[in-house]
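Here is the structure we will look at, set down as structure tokens.
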Amino acid sequence: MTPDLPPIPDLHDPLLDSRLRERLDQLTKPLGALGRIEALALRIGLILGSAYPRLVAPQLLVCAADHGLAARGVSAYPSDVTWQMVENFLAGGAAVSVLARQHGIALTVADCGVRHDFAPRPGLVVCKPAAGTADAFDQPAMTAAQCAAALGNGRDLVRALPGNALLLGEMGIGNTSAAALLLARLAGHDIADCTGAGTGLDAAGIARKTEVLRAVLVRHADATAPLDALAALGGFEIATLTGVVLQAATERRVIVVDGFITGAAVLVAARLAPSVLQRCVFAHRSGERGHGLMLDALGAEPLLDLGLRLGEGSGAALAWPLLVSACTLLAEMASFASAGVAQADAAPAAEAAAAPVGANAADRTA
């Protein structure tokens, strides 16, 4: 499958990088004292193209779909939970709904392929190429045309949303299987190392799930290119999120990546256009087996490590205040000059570093 990719240029900007670093170093604190918050502020500034970045109208997009592979017993929950949880999102009762409300993040739920007909209402977008994927054990999960449609739907979803920051979420019984398959295929790992408990399988359930997924990989051994793998092994929500990531990267939005499944979408997008990773902030390291390998494949260092494995975008919402704080500190902290605070004298440290090995304290201070 040949993708029609939007242009995603490299964000390398030495002048802006220098301005941001100089600003951070001049704030009233020891150099580097805010640790990874400084790196976060630098990344957001480079994404938004400003030494004083502002996060505007953040959007949390939850993409939901059903998986034909779920019929193989790869989840502890029945497929009906997908549509039931979509109703819960829209009613405001899910964890991600509560967190989005708490932090003032607009929540949109996209039906990307749920086997259910939802009544129209605010906050719901229906954009499904089909009512769930096919069973990848027997055939490709999606046709090439369906996969392309899902990618296009993701791009359209982003175009319709305001703001400059997008938090990724998902829902779909069976989607940890699709994510594990994509990780194994695109990053070259054994499927046993990528497969975890998902919604709560016991050890025997994980073993069964692993063998099903191993058979799926064998059946689709020729699906090695990113979009071929996505169509053969993925889900409609993952394909839609791949389009979301590509479009958000084109628009230089800050992309807050949640966990294992949204990471799979980013992995596909990054294999197509590596520069998308410059626009990503990785929210957390989840408790799902394989997520550490996913983060390694993406070269990502997540902000949080709380043992989460809920999905929905909950980890992205929990990490969001750190992004807000990074921008606020960069904008509002006084500099040494404006506050009239003396900076550390670098000369003694430089002299000490230059002193001969074995010189005593008297020699260094004479």
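The values are calculated or read from the model by the stated rules, or taken from the named source; none is laboratory data. Quantities reported herein were computed from a predicted structural model and do not represent experimental measurements. Glycine also receives a Cβ, built like all others from the backbone with ideal geometry; neighbour counts cover every protein chain displayed.
Things to note:
Per-residue answers, yes or no, for (1) in contact with a helix residue (DSSP H, G or I) (Cβ under 9 Å, 6 or more places away or on another chain); (2) not hydrophobic (A, V, I, L, M, F, W, C):
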| residue | (1), (2) |
| --- | --- |
| D193 | yes, yes |
| A197 | yes, no |
| A203 | no, no |
| R208 | yes, yes |
| P226 | yes, yes |
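- Within the range 1-35, being in contact (Cβ under 8 Å) with a residue 12 or more places away in the chain and either within 16 Å of T328 (Cβ to Cβ) or small (G, A, S) (or both) holds for L20, R23, L24, L27, T28, K29, L34.
- None of A76, A51, A71 is touching a Ser or Thr at 6+ places or on another chain (Cβ under 9 Å) and assigned to a loop (DSSP other than H, G, I, E, B) except A76.
- Counting the residues of the range 167-190 that are in contact with a Ser or Thr (Cβ under 6 Å, 6 or more places away or on another chain), farther than 18 Å from V96 by Cα and not in a loop (DSSP other than H, G, I, E, B) gives 1.
- For the range 251-269, the candidate set comprises residues that are closer than 16 Å to Q59 by Cα, out of contact with any Asp or Glu (no Cβ under 7 Å at 6 or more places or on another chain) and of a type outside the set (D, E, K, R); within that set, the residue that is surrounded by the fewest Cβ atoms within 10 Å (Cβ to Cβ) is V254.
- Lone qualifier among A326, A283, A297, A317 - being touching a Phe, Trp or Tyr at 6+ places or on another chain (Cβ under 9 Å), modelled with pLDDT of 95 or more and on the phi < 0 side of the Ramachandran plot: A283
- Scanning the range 73-90 for residues that are surrounded by fewer than 19 Cβ atoms within 10 Å (Cβ to Cβ) and under 13 Å from S177 (Cβ atoms) yields G73, A76, Y77.
- Members of the range 157-166 that are touching a Ser or Thr at 6+ places or on another chain (Cβ under 9 Å) and crowded, with 24+ Cβ neighbours inside 10 Å: L157
- Only one of the numbered conditions (1) within 28 Å of L227 (Cβ to Cβ); (2) part of a helix (DSSP H, G or I); (3) within 22 Å of the chain's Cα centre (by Cα); (4) not acidic (D, E) is violated by V98, and that is (1).
- Residue match in the range 145-159 (condition: assigned to a loop (DSSP other than H, G, I, E, B) and touching a residue at least 60 places away in the same chain (Cβ under 8 Å)): no
- Filter result for S335 (small (G, A, S), modelled with pLDDT under 95 and surrounded by 13 or more Cβ atoms within 10 Å (Cβ to Cβ)): yes
- Any chance G205 is at pLDDT below 95, part of a helix (DSSP H, G or I) and out of contact with any Lys or Arg (no Cβ under 7 Å at 6 or more places or on another chain): yes
- Meets criteria (of a type outside the set (F, W, Y), modelled with pLDDT of 95 or more and surrounded by fewer than 20 Cβ atoms within 10 Å (Cβ to Cβ)) for P129: no
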